[in-house]
Amino acid sequence: SVARNPDALLWLARLRQTDQYSYDHSLDVAAHVMIFGRYLGLGDESIAALGMAGMLQDVGKLRLPVRLLQKTGRVSPREYEIFKTHVDFSLQVLAASRHAIPQMLDIVARHHERCDGSGYPQGLKGEAVGLMAEIAGICDVYCAMTRERPYGDAASSQVALDAVRAMRGSRFSESIVDQFVQCIGLYPVGTLVELNSGEVAVVV
């Protein structure tokens, strides 16, 4: 998919130059949405659309002030409103590409929407969010928590999954949360664990 969409590589390269966290996060999300999509039994086209959307959903951040992207303190309400505009900017950038497909654009447009209407930019509720956007949204939230950010340390997989479970039936539908937890597992690959023998191991 990336080979068929050379613009994607250019936008990713620019994102990496502008904000390393946003770049790393994009690759994290792309991997997770494809893994989750495969777990849910989606077809190859849908998984490819999810992967491209996950990788490119934040390219609109290129049009935000760098100081806002790299801010270490609390974001003010005004700054949060500015930050939310990255969704529209992403859509503008991607829609200009002749390789953009409607399904990918739809996922990008809705990946910050939440089932209880607390999301943005449209405040969609329930089924209006859509399965694909919910997949992107839950992976976006999980990946954001498990990577070190300018304003906070990375959480462990277990802590992040607990936080996602707390959103069950509110921000995310019950079924999508349950299946995401089963897909990722309590001890994902790469997790450090202490065995009852006292030895430390890495899940492979």
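Only the coordinates and a few stated rules stand behind these numbers; no lab work does. Here the structure is a predicted model, which means the values were calculated and not measured. Cβ: placed from backbone, ideal geometry, glycine included. Neighbour counts: every protein chain shown.
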Within 10 Å, count the other beta carbons around each residue, average over each peptide in 34-40, 104-110, 120-126, 49-55, and list them highest first.
49-55, 104-110, 34-40, 120-126
Once R0 is set to 22 Å, what does the formula 1/(1 + (r/R0)^6) return for the Cβ-Cβ distance between residue 89 and residue 148, expressed as a FRET efficiency to the nearest 0.05?
0.35
FRET efficiency for residue 179 and residue 118, using Cβ-Cβ distance with R0 set to 22 Å, rounded to 0.05
0.55
Excluding residue 127 itself, calculate the net charge of residues whose Cβ lies under 12 Å from the Cβ of residue 127, where each Lys or Arg counts +1 and each Asp or Glu counts -1.
0
When a/c is below 1.5 the answer is rounded, else prolate if a/b is larger than b/c, else oblate, so apply that to the stretch 1-146 with a ≥ b ≥ c taken from the square roots of the Cα gyration tensor eigenvalues.
oblate
How about residue 84: which lysines have a C-alpha closer than 17 Å to its C-alpha, ignoring those fewer than 8 places off in the same chain?
61, 71
Non-local amide H neighbours of residue 149 (under 5 Å, H modeled in plane, Pro and chain starts lacking H): which ones?
154
Lys and Arg at +1, Asp and Glu at -1: add these up for the other residues within a Cβ distance under 12 Å of residue 29 and post the number.
-3
Measuring from its Cα centre, the chain shows a charge dipole (+1 at each Lys and Arg Cβ, -1 at each Asp and Glu Cβ) which, in debye to the nearest 20, is 660 debye
Could you give each residue of the stretch 48-65 its phi-based ³J(HN,Hα) in whole Hz, using Karplus coefficients 6.51, -1.76, 1.60 with θ = phi - 60°, and x for Gly or Pro?
5, 5, 4, x, 5, 5, x, 6, 10, 5, 10, 4, x, 5, 4, 9, 8, x
The answer for residue 97, listing residues at least 5 apart or on another chain whose modeled amide H is closer than 5 Å to its amide H, is none
Gap separating the Cα centres of the stretch 1-64 and the stretch 107-159, nearest whole Å:
14 Å
Can you list the HN-Hα couplings for the stretch 168-181, worked out from phi with the Karplus curve (6.51, -1.76, 1.60; θ = phi - 60°), rounded to whole Hz and with x for Gly and Pro?
5, x, 10, 6, 10, 5, 4, 5, 5, 5, 4, 6, 5, 4
Per-residue HN-Hα couplings for the stretch 142-157 [Karplus 6.51, -1.76, 1.60; θ = phi - 60°; Hz; x = Gly/Pro]
4, 5, 5, 6, 8, 10, 4, 10, x, 9, x, 7, 6, 8, 6, 4
Honestly the stretch 3-43 on the Cα gyration tensor test (a ≥ b ≥ c root eigenvalues; a/c under 1.5 rounded, otherwise a/b vs b/c for prolate or oblate) is just oblate
In what sequence, highest mean first, do 127-137, 141-151 appear when ranked by Cβ atoms within 10 angstrom?
127-137, 141-151
Using the Cβ atoms and a cut-off under 15 Å, what net charge is assigned to the surroundings of residue 172, where Lys and Arg are +1 and Asp and Glu are -1?
-2
Dipole magnitude (debye, nearest 20) for the stretch 30-102, charges at Cβ of Lys, Arg, Asp, Glu
380 debye
In a GNM of the chain with a 10 Å cut-off on Cα contacts, which of 98, 63, 168 has the highest mean-square fluctuation?
98
Once the Cβ-Cβ distance between residue 192 and residue 163 is put in as r, and R0 is 25 Å, what FRET efficiency do you end up with, to the nearest 0.05?
0.85
